[in-house]
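Let me begin by presenting the structure, written as structure tokens, before commenting on it.
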Ligand SMILES: [Zn+2]
């Protein structure tokens with residue numbers, strides 16, 4: 001490929017993913033593995049099925065069963081789940097320490113959700129919890145917000161996941177367990193939902209999480225808010241894809257998703273216009 005073509009391709013990948021190896025930040029918009037609702041017994045791959053159905057945190061999956069991977073909720077009800085990832089890689093911590101960025105906590109997003117009384121689910125990394133305990137306490141204290149697990153340091157659970165450093169195979173279970181332990185003291189509405197960094201997972205990664213009784217949440221609406229250059233493409237990405245049952249992926253990482261708070265009111269207005277009610281993931285996935 002000519003160099004110009006290479007540059008274009010590289011740029012396209014970065015734009016799609018929203019992170020690079022050096023920044024290695026938010027959950028990129030990979031088209032995720034579709035959640036298996038059900039499949040014929042003869043051909044059903046057991047990997048995506050678990051005992052819990054789509055019942056959310058109220059009836060957690062049986063520990064030991066392979067985690068169920070959920071991409072969206074029921075399409076029959078006009079409800080959607082707004083989810084916000086709180087990534088925190090080692091590279092992001094370094095940038096904070098060097099003073100290159102001011103904050104990876106988007107308080108404007110939080111204030112807007114609070115003021116408008118919008119339910120939301122936050123996928124928090126252990127390292128974000130360590131950086132922003134005060135902010136996380138505030139999230140946990142809100143009865144409309146749920147907490148979920150987004151790994152400890154936002155490292156990849158598969159090879160070739162947008163340049164993210166990789167969690168060693170024998171450390172995967174421990175990483176997710178450690179994150180649950182880091183989040184637990186904050187109280188509030190804790191769940192057993194887990195989102196893989198970069199949405200990257202394979203059979204081995206799912207198998208590693210089997211003892212933990214988690215439900216893996218991907219999502220069907222990727223906002224593309226990381227590294228967006230204005231609110232416009234973020235709003236467009238969400239409103240063009242959102243529909244009943246959708247799980248919308250956004251970020252609360254101010255420094256690398258700085259237009260999320262600007263996009264959110266426009267997204268909420270469009271949801272309202274279409275009669276799509278934001279609910280927590282547990283509510284979306286409850287029968
Ligand atoms: Zn992420």
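Consider the range 61-78 and keep the residues that are surrounded by 18 or more Cβ atoms within 10 Å (Cβ to Cβ) and over 18 Å from the mean Cα position of the chain (by Cα). The one that is modelled with the lowest pLDDT is 61. Scanning the range 202-220 for residues that are surrounded by 24 or more Cβ atoms within 10 Å (Cβ to Cβ) and under 13 Å from the mean Cα position of the chain (by Cα) yields a total of 4. When the range 81-101 is filtered for residues that are part of a helix (DSSP H, G or I) and either within 15 Å of the ligand (Cβ to nearest atom) or within 17 Å of the chain's Cα centre (by Cα) (or both), the ones remaining, listed by number, are 90, 91, 92, 93.
Yes or no, residue by residue, for (1) in contact with a helix residue (DSSP H, G or I) (Cβ under 8 Å, 6 or more places away or on another chain); (2) modelled with pLDDT of 95 or more:
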site	(1), (2)
108	yes, yes
124	yes, yes
134	no, yes
138	yes, yes
145	yes, yes
148	yes, yes
160	no, no
174	no, yes
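Annotation: of all residues in the range 146-159 being part of a strand (DSSP E or B) and either over 14 Å from the mean Cα position of the chain (by Cα) or within 12 Å of the ligand (Cβ to nearest atom) (or both), the one that is surrounded by the fewest Cβ atoms within 10 Å (Cβ to Cβ) is 156. Checking each residue in the range 234-258 for being under 15 Å from the mean Cα position of the chain (by Cα) and either part of a loop (DSSP other than H, G, I, E, B) or more than 16 Å from the ligand (Cβ to nearest atom) (or both) picks out 238, 246, 252, 253, 257.
The values are calculated or read from the model by the stated rules, or taken from the named source; none is laboratory data. The model shown is predicted, which means the values in this text are computed figures rather than measured ones. We place every Cβ from the backbone using ideal geometry, glycine too, and count neighbours over all the protein chains shown.
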